[in-house]
Ligand SMILES: [Mg+2]
């Protein structure tokens, strides 16, 4: 009632930014891209890095769990490869044709009077392709992607003196997949030795809090006034720890760290009363925010 007849939007609008994960958040998991991605990552590990096939499932699992992405984990334990080559191998053969234009989501997004930014661990080529397939071009002011958080990523040593290799690790960098220096993470967890610590990764990605904080800083986003949409529970929980308001997408099950849950991104309006409230207000005085081109890698 106290809201009626007043249009002091600034006073009551709780959010000013919507931050979206891309894969399995803006389109459903059932599209098959995630499964294709996992298969391609495993093929890359066998074909390009020469890792024994039988070790792949355990290795993938441990790397993903401990480093956020398999790629970040591979780099941490000592494999050296070109990030662009990795991304094009892993994403190049995905069934993008399964993604169809989503005009409902498009008009939904365009109708929401907030800043809208993508935050993905994937590379820019993949992000652009997915957005284009979904017909969501122009719905976001920027994309924070792999290259945004990992701007110096030439991996073979090294004509690039800014290259960051194995920061904080006891391993030294070497060209190619120098197997003798590979940290055996499977053995590490099979027979824990209190004396050894996991090597650090040079890759900056979700769910590291540092990665999320960097992304927020780059895009000039205040976490307290932002809703973060994600399908990954651990990314949601990391987002919560850095102060974001969180929306877990793709499930109806509430989990710790998620302020809201949405079975589908299409339910934004129904599931979040604050958005409806803003939507109802007459002539919202939003005039758009200047596009920060620097947000896009
Ligand atoms: Mg995702």
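What the table shows:
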quantity: Region 46-57, residues that are in a helix (DSSP H, G or I) and touching a helix residue (DSSP H, G or I) at 6+ places or on another chain (Cβ under 6 Å); calculated: 46, 53, 56
quantity: Filtered residue count, region 86-97, keeping only those that are under 21 Å from the mean Cα position of the chain (by Cα) and exposed (fewer than 14 other Cβ atoms within 10 Å of the Cβ); calculated: 3
quantity: Qualifying helices (runs of 4 or more DSSP H) (wholly inside region 179-272; at least 1 residues being assigned by TED's automatic domain parsing to the domain that holds residue 16 and either modelled with pLDDT under 95 or within 15 Å of the ligand (Cβ to nearest atom) (or both)); calculated: 209-218, 233-241, 268-271
quantity: Of all residues making up region 107-137, the number that are away from the ligand (no atom under 16 Å from the Cβ), in contact (Cβ under 8 Å) with a residue 12 or more places away in the chain and in a loop (DSSP other than H, G, I, E, B); calculated: 5
quantity: Single unsatisfied condition, residue 74 versus (1) modelled with pLDDT of 95 or more; (2) more than 20 Å from the chain's Cα centre (by Cα); (3) under 24 Å from residue 235 (Cα atoms); calculated: (2)
quantity: Test set (1) on the phi < 0 side of the Ramachandran plot; (2) at pLDDT below 95 - residue 141 fails condition number; calculated: (2)
quantity: Filtered residue count, region 23-37, keeping only those that are under 19 Å from residue 89 (Cα atoms) and within 11 Å of the ligand (Cβ to nearest atom); calculated: 4
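The values are calculated or read from the model by the stated rules, or taken from the named source; none is laboratory data. Since the model is a prediction, treat every value here as computed from it, not as a measurement. A quick note on method: Cβ atoms are made from the backbone with ideal geometry, for glycine too, and the neighbour counts reach across all protein chains shown.
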